[in-house]
Every structure is written in C-alpha cells, then in structure tokens.
Amino acid sequence: MLHSLRYWSDAVLIGANTAVKDDPRLTVRLVEGVSPYRIVVSSSLRVDPTHRLFSVPEKSILMTTERWNEAHLKKYTLRGIGVIQAGLDRVDLYKGLCELRKRGIKKILVEGGGRINYSLISMGLVDEVWVTIAPEVFGSGVSVFQGEGVDGFMNKIELALMEVKMLCGGWINLRYNVVKPKKVLCRA
C-alpha cells in the first residue's frame, strides 16, 4: 500500500533525522510505476548527498534554510540535486511547499519523522493522515507526532475518520481528514 501511495504522489518528503537514521530509498518498488521526487528537509545540511534517497539526483530535492551560500550547497548541486531555500534559522515549511507547488509538485506523501509530521499538521499544511496499525511490535520507535503540543482546547488539532480498512495479516489502516487547523496553500 505504501508503494502505491508513493506512485500516486508527486513527491515523498522526510525530515533529516529519518534520512540520517534510516537512509531510505523512498522509491516505488513493490508496485509498477514511476518513483516520485524525494525531498528531505534539513536546516543543518547534515544529510550526506550520497544517501540513497539522492540516488537519482534529478528527482531529489534538499529543502534547507537561506543562511547557506553557494559554497555550502555545492556538494548537492554538483551532483544535480535540487535545492530549495526557505527560512532563516529553520526551514519555513509553508514557503518551501509553495516553491514545490510552483515546480508542479502538489501531492506530497510525508513519511516522517515525528517532528516534520507535527510541524506540518500543526501549521495546517496537512490534508489527510493515514495510520497503519500492525499486529506486531518491533523497535522502540518515536512518536508519530513530536512537538510542543497545542495550546489549549481551542487550538487542538481535529481529525475526522474517513475510512477503516482491514489489510492482510491483521493490519489495519485508518484514514483521517484533517479538519483543523487548515491553511490555504499558495497557488502555483
């Protein structure tokens, strides 16, 4: 199912921690189809340009801050990796997503980690949340949403259950619509 979602998406986005710890490929392998763009968000440029997610440079994008000059970014650009600079000390996700939209990238599958998930949903930049529950326990993991939390009942993040699917082997997939917060993204 995950590979089908990747095929459906224009891009798959992850944070720097996920890139460094997992070194994922983020490609479509288990279904027939074309792999999407692979995007990593890193304010610190700690993701090595030789990571597997950058294996097809023309389909890879580093989203980082505006504080880095051409010399700092050269190790990425020389390999053909696209670079989007948005924000000063931290990546401005809204501005970065607007730039992706200008490039024709509209359907983005976010595969984590917890900090990038929380940042995007708390800013109102997520349309749907898909959760898969497995009948297995493996690894210690991290929270799906890692952040400061919301300030009070009025600012809570609200989800509406749209679909429950029983998958093979006792796996369950839950699909939620994000009701609030919602922010209108810039137009292409």
Extension reserve of the Met162-Asp89 stretch, reckoned as 0.36 nm per residue once the Cα distance is removed: 22.6 nm
Normalised by the number of residues in region 2-180, what is the relative contact order in percent for Cα pairs under 8 Å and 6+ residues apart? 18 percent
By a straight-distance test (C-alpha under 18 Å), which lysines pair with Lys59 as possible cross-link partners, with residues fewer than eight away in the same chain excluded? Lys74, Lys75, Lys102, Lys106, Lys107
Can you give me the distance in nm between label points at Asp22 and Cys186, each placed 7 Å from the Cα along the Cα-to-Cβ direction? 2.8 nm
Applying a 10 Å radius around every beta-carbon, put 91-101, 40-50, 125-135 in order of their mean neighbour count, most first. 91-101, 40-50, 125-135
Ignoring solvent entirely, what values of log10 I(q)/I(0) come out of the Debye formula for region 59-104 at 0.16, 0.21, 0.29, 0.31 Å⁻¹ when each Cα is a single scatterer? -0.41, -0.69, -1.08, -1.14
Could you tell me the extents of region 96-178's C-alpha atoms along the three principal axes, largest first, rounded to whole Å? 41, 35, 27
Give the Kirkwood hydrodynamic radius (Å, one decimal) of region 2-180, defined as one over the mean of 1/r across all pairs of different Cα atoms. 17.3 Å
With R₀ set to 35 angstrom, the calculated FRET efficiency between the beta-carbons of Glu136 and Arg79, to the nearest 0.05, is 0.40
Ordered by packing density, taken as the mean number of other Cβ atoms within 10 Å over each peptide's residues, highest first, how do 14-23, 81-90 rank? 14-23, 81-90
For region 9-113, what does the equivalent ellipsoid look like in terms of its semi-axes, each the square root of 5 times an eigenvalue of the Cα gyration tensor, given largest first in whole Å? 20, 15, 13
Under 5 Å between amide hydrogens, which residues at least 5 positions from Thr65 or on another chain qualify, with H placed 1.01 Å from N in the peptide plane? Ala86
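Values in this text are rule-based calculations from the coordinates and carry no lab data. None of these values were measured; they are calculated from a predicted model. Cβ sites come from the backbone with ideal geometry, for glycine too, and all protein chains shown count toward neighbours.
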